[in-house]
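Read-outs throughout are calculated quantities, based only on the coordinates presented, and are distinct from any laboratory measurement. Note that the structure is a prediction, hence the values are computed from the model and not measured. All Cβ positions, even for glycine, are placed from backbone atoms using ideal geometry, and neighbour counts span all protein chains on display.
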Amino acid sequence: MDILRMDLADTGSPEGLVSLILKHEPNLPLPVPIEKLALQLEVEEIAELRTEGFEGGLITDTIRSRGIILVKKGVNQPRRRFTIGHELGHFLIANHIPDKDGQFLCSREDLRVLSAKEGDRRAKMEVEANRFSSLILMPPPRLREAFKKHPSPSLEQVFQLADQFGVSKEAMARAYAEYHPESLAFIVVKDGKVGRVYHNRKRFPFVVASRNRSVPHGSLFYQRNMRIGVPSEIDGRLPDLWIDVPRGQRAPALSEQVCLQNNGFALIMLWHERAEDEEEESEDMTTRDRWRAQQELYRRD
Ligand SMILES: [Zn+2]
């Protein structure tokens, strides 16, 4: 690696930082060697976090002349890698100001924040650090290569890519929904109840199933004889199980794939294909065009 911290000066956004890192290091192996990268970018050390109730931390000063990343002991590799990416984000994003004197402390919840209310400065920093971590661990150009090779979305591919990129299945599902050219959503289920929902808000319709409610009846989730860790078939479902279909409009096709996991968890993939009458089709084009334009923008970033 030969990237220097000063190569990243004057760049404040997670997207800008990651584009620059990828430009300087076009041949980063997978999984991205996040510890090595952090040390290369002047993090002094990655040490054990001893503060109870937190997942990660960063010891630094306001001008970021030094940085020590702290990670909770005993967490699995994907979680550890995501936390390091997150703290590296705090270290590199210039306008992130530590809470107390010279320290960031980040909880499990902080590491999951994906959006912040207007004016909530602290939450905004967490959102940006998470975005940085996702982007650097799962660089969109590398995801796109994988999608090109296997264009048909599946939970099998989500799991395979999670392994390949060294991230959790859930983190991969989130990036997958965001960057896969198909219109997808992922539902995290815990003990039969709908939990976190990941979908690209611009492309996937609003998911009506509400949090903490049971998975809707009629879902493949209730199919018998499913084995833990083995994804079901991908099968068509009635779309209004999950999404809002306005009266009088032709319903789009919606497919589902379910995989039961350990400890009462399950992951559901929803795949939404628009109805194929003419009007819908032209709209489909504009959705796709918009998506392409967005990807173009990102490439130029
Ligand atoms: Zn944080």
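I'd like the FRET efficiency for Lys149 and Asp101, computed as 1/(1 + (r/R0)^6) with the beta carbon distance as r and R0 of 45 Å, rounded to 0.05. So the FRET efficiency works out to roughly 0.40. Specify the residue with the greatest mean-square fluctuation among Lys169, Lys124, Lys148, computed from a Gaussian network of the chain linking alpha-carbon atoms under 10 Å apart. Fluctuation is largest for Lys148. Using only the C-alpha atoms, the convex hull of the chain corresponds to 146 Å³ per residue.
Rounded to the nearest 500, the helix-only mean residue ellipticity at 222 nm of the chain stands at -11000 deg cm²/dmol, with each DSSP H run of n ≥ 4 adding -39,500 (n - 2.57).
Could you state the orientation-averaged shadow area of the convex hull built on the Cα atoms of the stretch 184-236, in nm² to one decimal?
4.2
Of all lysines in the structure, the ones whose alpha carbon falls short of 20 Å from that of Lys117, not counting any fewer than 8 places away in one chain, are Lys202. Modelled this way, with points 7 Å down the Cα-to-C-beta line, the labels at Glu42 and Arg196 are 3.2 nm from one another.
In terms of the Cα gyration tensor, with a ≥ b ≥ c the square roots of its eigenvalues, is the stretch 26-111 rounded because a/c is under 1.5, prolate because a/b exceeds b/c, or oblate? Because a/c hits 1.5 or more and a/b fails to exceed b/c, the stretch 26-111 counts as oblate. Of all DSSP bridge pairs formed entirely within the stretch 5-137, close to 65 percent run antiparallel.
Here the gap between Glu233 and Glu35, fully extended at 0.36 nm per residue and compared with their Cα-Cα distance, gives a gain of 67.5 nm.
Looking at the square roots a ≥ b ≥ c of the eigenvalues of the Cα gyration tensor of the stretch 1-149, which shape do they give, rounded for a/c under 1.5, prolate if a/b is larger than b/c, or oblate?
Rounded.
For the chain, set up a GNM with springs between Cα atoms under 10 Å and report which of Met138, Met172, Met125 has the largest fluctuation. Among Met138, Met172, Met125, the largest GNM mean-square fluctuation belongs to Met125.
With +1 on the Cβ of every Lys and Arg and -1 on the Cβ of every Asp and Glu, and nothing else charged, how large is the dipole of the stretch 5-137 about its Cα centre, in debye rounded to the nearest 20?
Value, rounded to 20: 320 debye.
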